[in-house]
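Please read the structure below before turning to the comments.
Read-outs: derived from the displayed coordinates by stated rules, not from any lab. Note that the structure is a prediction, hence the values are computed from the model and not measured. Cβ placement follows ideal geometry from the backbone for every residue including glycine, while neighbour counts extend to all protein chains displayed.
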Amino acid sequence: MPHPYVLLSAAVSLDGCLDDTGPERLLLSGPADFDRVDEVRASVDAILVGAGTIRADNPRLLVNSPERRAARVAGGGPEYPLKVTVSGSGDLDPAARFWHTGGEKLLYTTDKGAERARAHGLAADVVALGSELDWRRLLEHLYAVRGVRRLMVEGGGRIHTQLLTQGLADELQLVLAPLFVGDPDAPRLFGPGAYQAGRLRLLETRPIGDVVLMRYEPTAPGTGPLPAAADHHWLALACDLAERCPPSGTAFSVGAVVVAADGTELARGHSREGADPVVHAEEAALAKIDPTDSRLATATVYSSLEPCARRASRPAPCARLILDAGVRRVVTAWREPDTFVAGADGSGVLAEGGATVVVLPEHEDRAKAPNGHLIGR
């Protein structure tokens, strides 16, 4: 199921610490960056922090600017974003400022934690996720039940680590402060874990006073049937490529990208690319890769439309080309309709050949956009 766009936000010292071990909160940013954070808060549907952050910092998590709050209301939204926290135990102080400032509050917990939280009389909607906390279930609930499309996560380090290692973070906004903490017991932003291979993509760097904002997005595909945040980024690129196709009244406009397991783009292509009026997107992309490239065995093909199972213009359909290339994971936005081929089932061909097919229907409208004249839209 779809889940919100997850934005991780944090400020750290040069040696990677979120705070020191003193009694007062270490201020890593200055007024200009605090205002930037306020602007980001005003742009999201919900803000999430862990129970540890509530205990340690007692935050309010408000949009401080009256003008930004007024703009939210004028746009049809609530004055403040939904405030969300996560606690396995449900053992939280009902007097914490989190519960008594801003708008609606939501606690995700376990079945046992829900009993404890309700006994404490927390001023929040309490949602039990079962015997254990499950981030995918949590995000799906936020999306489907609470209508959250953009979620800002402000800590702590354990939650940031879990979301990144599970492939659920779409963006990291990291502010680097020009100071050292040096305390081995100080909390750090990231802990050990099975992080993505390869490098994240740098989206932006910006000095803000004496700190530097760096924005990154993950690039490594997911594994198996569970989608990762990077799968959405790459599939969105495939949909963008579909917009570049020369128009046709007899063939779909499709974009495709082939990505190695470490997030390296191997090739991209789109329908009717170059001088070939019948080339398909996946075919065009795969033709640019050395067939002996060992990375193909663990690569993912992203295609805005399900790879074809049958075609008249070439001997081999794209599903077969993908399997012959050794690729065993395909992510697509849209199952092929019967417009040109009745009973098209490229996903079935791929599955029979041992490939995993992941369909992300939240991208379907973008995949259909350049094909509206073919499907009666």
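Observations, loosely collected:
- Mean shadow area of the stretch 5-217, taken as a quarter of the surface of its Cα convex hull (nm²): 12.1
- Computed log₁₀ I(q)/I(0) - Debye formula, equal Cα scatterers, no solvent, the chain, q 0.08, 0.09, 0.13, 0.15 Å⁻¹: -0.49, -0.61, -1.06, -1.24
- Helix 111-120 vs. the chain, principal-axis angle (Cα, 0 to 90°, nearest 10): 30
- Once the Kirkwood radius over Cα pairs is known for the stretch 55-140, the Stokes-Einstein relation at 10 °C and 1.306 mPa s delivers a diffusion coefficient of 115 µm²/s.
- Ala342 paired with Asp365, simple spin-label distance in nm, labels 7 Å along Cα-to-beta-carbon: 3.3
- Those lysines that a straight Cα-Cα span of less than 30 Å connects to Lys368, excepting residues fewer than 8 apart in one chain: Lys288
- Straight-line cross-link partners of Lys83 among the lysines, defined as a Cα under 28 Å from its Cα and at least 8 positions apart when in the same chain: Lys105, Lys112.
- Placing +1 on the Cβ of every Lys and Arg and -1 on the Cβ of every Asp and Glu, with nothing else charged, gives the chain a dipole about its Cα centre of roughly 580 debye.
- In this structure, Glu79 and Arg25 have a Cβ-Cβ separation that, at R0 = 25 Å, corresponds to a calculated FRET efficiency of about 0.45.
- Stretching the chain fully between Val145 and Thr292 yields a gain of 48.2 nm (0.36 nm per residue, less the alpha carbon separation).
- From least to most packed, judged by other beta carbons within 10 angstrom and beginning with the fewest, Val259, Val358, Val145 follow the order Val145, Val358, Val259.
- Projected label distance in nm at Arg136 and Ala71, using a 7 Å step from Cα toward the beta-carbon: 3.6
- Modelled FRET efficiency - R0 25 Å, Arg55 with Asp210, Cβ distances, 0.05 increments: 0.25
- Residues in the stretch 338-344 carry Karplus couplings, in order, of 7, 4, 10, 10, 5, x, 4 Hz; the curve used is 6.51 cos²θ - 1.76 cosθ + 1.60 with θ = phi - 60°, and Gly or Pro positions show x.
- Helix axis angle, 229-242 relative to the chain longest principal axis, alpha carbon, degrees: 40
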